[in-house]
């Protein structure tokens, strides 16, 4: 028996506190390990900066300045975080069912294109109706695109990670073809674009801030997904599929349907991100839509360990680092890929830290500390 | 002499030889890695890193072959990183591959910024088509030494997997880590070495992109070749010789867009350029199966389970 005092308590009186203690410890572990990994990543990136002759402290000061120091910086950060919150869900939701989907960029691009087409066609309709129609079509297109990867996985055994990224390349080719060909606005000379959706239908800004409503869409979507995954039967079934497909089959769950649903929901989040970019930022669909938000979402979801609520702060962090990019380029003469390097290092360290879960005794429930 | 419409198949054939080399090297590297039971999706990042470092070294030293070597070494170190991180318990090799994709391209774009403008000495070609009067045929038969090395390597790997102790150990580790452990082999060590060697080959494949065709360094140089090569290995059933044929097929598909453009078909330009991705996807749909393991698949490979 251990020298642990808790074990000598009468079992009955210890049940409730041990249970909450258990959850607290798990929560602390889920917070401390990724946070520690981020700190390690920052140190590694600092060493990298020092090696190429920049002062790491200057770099981090500028990241703070550009991303989080002022109201202006925060607005810039949130503006960038809005689509990333949604594309991260495109990774996080299928991950509940055990799939690694990295094709959010494709769903975003096609969703945005569909929204732009519908928005142009709906000129003159009431803004609310038009915006709902744009959001719905974008979600359907994005959802179907990712559900295709899920269907290939389930019905044909095609690896979903590879197929979803291939689908992204195909989506971008399709997007470029349509925007520069059949759907091109003849008036867009230098930068091929679709017909504008018009100012009347644009999604506005949140009152008092220079941030568009897309951020709220993302927050609501995240909260809904959290409830879905955590507190509904569907979410529970998804997590069983993700944990053990054979067990799920034995329990009589319809694995195929669950895989498709999780992929469709994830893809619809990415599609909505495309609609937000079109209807709140660009006003039409053009190549600016292919900005790598889908790839940033992969990083965010993995750091958040595919938890739909944790996605929000992580996306804001990543958005802030992105927002400081311009400042880093101007002040320290760093290339624009600096942020990519930091993200890459962070990604690798976070994944390596996966091995630490369950290794620290302090995070384990007392019963297991024998 | 103008070939007219015949220029399309000739260009596709020439393209198959020219464009296939990076596919060939990356797929051989990935084949080796996957035979040991791991999948490295980060070869895309390694490819870009190899392209950048090869070009940079060739520009700084004036020797393209030194560039090829350094590209291989850069690939080797990234492969080593992937192998070591995946050796930690409960770390997912597919996820680490995605991370490596990001890190490799990020590092390459960061360090490669100064090399976007300058012109580096590139690799020489062997002219096998000088007998022909048509310039198209001549250019189609310009073959790079790396292509020949790659073809020889496919043969050598194919032989080594069957006939050498090393080949057998790699295959055993990939098929059953328990059996390998029982025989006294260090599973992780074999896998790390196989991933590092695979990274070396992918880095060399990347240097071909920047040092021969297209023959310059910029941030849009690779567009998924590394990833397609991973799919190509599945299509090739983990056989180095089939990798060679599959690389030729993919090279031909990649050359279709530019070939059609050269005879004046420009309308579906983006769609034609998407041919390799569509081909990859179609091939994966046709060859994969949900119910049985693929013939020839290493037993420990997570991508097929």
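Values in this text are rule-based calculations from the coordinates and carry no lab data. A quick note: this is a predicted structure, and the numbers were derived from the prediction, not measured. Backbone-built Cβ (ideal geometry, glycine too); neighbour counts: all protein chains shown.
Give me a single rounded figure for B:87-100: the average over its residues of other chain Cβ atoms within 10 Å of their Cβ.
6
Only Cα pairs under 8 Å and at least 6 apart count here; give the relative contact order of chain B as a rounded whole percent.
Reported relative contact order: 36 percent.
Can you give the angle from 0 to 90° between the axis of helix A:293-303 and the longest principal axis of chain A, with both taken from C-alpha atoms, to the nearest 10?
Approximately 10 degrees, to the nearest ten.
So if I average 1/r over every pair of distinct C-alpha atoms in the stretch A:313-369 and take the inverse, what Kirkwood radius in Å does that give?
After inverting the mean inverse Cα-Cα distance, the result is 13.9 Å.
Rg over Rh of the stretch A:81-314, using C-alpha atoms and the Kirkwood radius, what does it come to?
For the stretch A:81-314, the value is 0.99.
Can you figure out the FRET efficiency of residue B:145 with residue B:166, using R₀ = 22 Å and their beta-carbon distance, to the nearest 0.05?
So the FRET efficiency works out to roughly 0.30.
Using r as the Cβ-Cβ distance of residue A:58 and residue B:295, and R0 as 45 Å, what FRET efficiency do you calculate, to the nearest 0.05?
So, using R0 = 45 Å, E works out to roughly 0.20.
Hey, could you pull the Cα Rg and Dmax for the stretch A:207-297, both in Å?
16.9, 53
Compute the distance in nm between two label points, each set 7 Å from the Cα along the Cα-to-Cβ direction, one at residue A:132 and one at residue A:51.
5.6
Computed over the Cα atoms of the stretch B:201-305, what is the convex hull's projected area averaged over all directions, in nm²?
The Cα convex hull of the stretch B:201-305, projected and averaged over all directions, gives 8.1 nm².
For the stretch A:56-150, what does the equivalent ellipsoid look like in terms of its semi-axes, each the square root of 5 times an eigenvalue of the Cα gyration tensor, given largest first in whole Å?
Square roots of five times the eigenvalues give 31, 22, 9 Å.
Can you tell me the order of A:69-79, B:88-98 when each peptide is scored by its average per-residue count of other Cβ atoms within 10 angstrom, highest first?
Highest-to-lowest ranking by the protection proxy: B:88-98, A:69-79.
Give me the three principal axis extents of the protein assembly as shown from the C-alpha atoms, as integers in angstrom, largest value leading.
Principal-axis extents of the protein assembly as shown (Cα, largest first): 92, 74, 56 Å.
With equal scatterers on the alpha carbons only and no solvent term, can you work out the Debye log10 of I(q)/I(0) for chain B at 0.15 1/Å?
With no solvent term, the Cα-only Debye profile gives -1.15.
By per-residue mean of other Cβ atoms within 10 Å, what is the highest-first order of A:294-304, A:207-217?
Final packing ranking: A:294-304, A:207-217.
Calculate, in nm to one decimal, what residue A:355 and residue A:223 gain on full extension: separation in residues at 0.36 nm each, minus their alpha carbon distance.
44.7 nm
Sequence gap at least 6, Cα distance under 8 Å: using those rules, report the relative contact order of chain A to the nearest whole percent.
35
Listing B:280, B:266 from the residue with the fewest other Cβ atoms within 10 Å to the one with the most, what is the order?
B:266, B:280
Between residue B:66 and residue A:239, what FRET efficiency comes out of the Förster formula 1/(1 + (r/R0)^6) with R0 = 60 Å and r the beta carbon distance, rounded to 0.05?
0.70
Using the alpha-carbon centroid of each, what span in Å lies between the stretch A:26-74 and the stretch A:233-256?
39
At residue A:44 and residue B:92, where each label point lies 7 Å from the Cα along Cα→Cβ, what is the point-to-point distance in nanometres?
That separation, rounded to one decimal, is 1.8 nm.
On average, how many beta carbons from a partner chain sit within 10 Å of the beta carbon of a residue in B:80-86?
2
Could you list the residues of the stretch B:201-241 with an amide nitrogen less than 15 Å from a label point located 7 Å from the Cα of residue A:155 in the Cα-to-C-beta direction?
Those under the cut-off are none; the list is empty.
Cα axis of helix A:311-323 to longest principal axis of chain A: angle in degrees, 0 to 90, nearest 10?
Roughly 50 degrees, rounded to the nearest 10.
Using the alpha-carbon atoms, what tilt in degrees (0 to 90, nearest 10) does helix B:240-262 show relative to the longest principal axis of chain B?
30
Sort A:243-252, B:158-167, A:315-324 by the packing proxy (mean of other Cβ within 10 Å over each peptide's residues), most packed first.
A:315-324, B:158-167, A:243-252
Which shape class, rounded, prolate or oblate, goes with the stretch B:166-237 when its Cα gyration tensor gives a ≥ b ≥ c as root eigenvalues, a/c under 1.5 marks rounded, and past that a/b bigger than b/c marks prolate?
Prolate.
Report the full-extension gain for the segment residue A:188 to residue A:364: residue separation times 0.36 nm, less the Cα-Cα distance, to one decimal in nm.
That works out to 57.3 nm of additional length.
From other protein chains only, count the Cβ atoms within 10 Å of every residue's Cβ in A:179-189, then give the mean.
Partner Cβ neighbours, averaged per residue: 1.
Within the stretch B:212-237, list the residues whose amide N lies under 19 Å from a label point set 7 Å along Cα→Cβ of residue B:245.
Correct set: B:229-237.
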